[in-house]
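Inspection log for the structure reproduced underneath, given as structure tokens.
The values are calculated or read from the model by the stated rules, or taken from the named source; none is laboratory data. Keep in mind it's a predicted model, so treat the numbers as computed, not measured. Methodologically, a virtual Cβ is constructed for each residue, glycine included, from the backbone with ideal geometry; neighbour enumeration extends over all protein chains shown. Each accessible area value is taken on the protein alone, full model and side chains, heavy atoms only, with ligands, DNA and RNA left out. Shrake-Rupley method; radii C 1.70, N 1.55, O 1.52, S 1.80 Å.
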Amino acid sequence: QVQLVESGGGLVQPGGSLRLSCAASGRGNALNIMGWYRQVPGKERELVARITPGGMTDYADFVKGRFTISRDINKRTVYLQMNSLKLEDTAVYYCRGALGTAAFWGPGTQVTVSS
């Protein structure tokens with residue numbers, strides 16, 4: 001099994017930055033693609049960014065140029081650097097890891113962008 005725990009969320013003003021972290025334990029070193037998703041009440045969870053073990057990345061159009069996903073294989077940690085945050089980035093951000101056909105999720109971390 002794999003356990004994922006997010007951290008780094010909080011309250012930030014528009015234009016500000018936050019860095020989210022997702023630490024994997026258990027069989028975390030075996031995870032394949034890892035990604036960040038977000039969800040607001042009443043809406044479906046949506047992909048923000050994802051990264052392969054080799055470092056290939058994929059971003060949602062609404063974060064391109066503002067967010068950067070990275071991965072430290074040795075630390076079994078995935079990061080999401082969020083810059084130029086907007087009000088509409090407010091959401092619960094979830095980490096997801098794929099292991100074979102199984103998917104694992106963290107409990108989420110709240111990001112609130114407000115003036």
> Counting DSSP beta bridges with both partners in the chain, what percentage is antiparallel, nearest 5?
Replying inline: 95
> Near K86, which lysines are there with a Cα under 19 Å away, not counting those fewer than 8 places off in the same chain?
Replying inline: K43, K64
> Can you pull the percent of the chain's accessible area that's carbon plus sulfur, 1.4 Å probe, other chains left in place?
Replying inline: 48
> Per residue, how much accessible area does the chain have with a 1.4 Å probe, in Å²?
Replying inline: 53
> Using the Cβ atoms and a cut-off under 15 Å, what net charge is assigned to the surroundings of L85, where Lys and Arg are +1 and Asp and Glu are -1?
Replying inline: +3
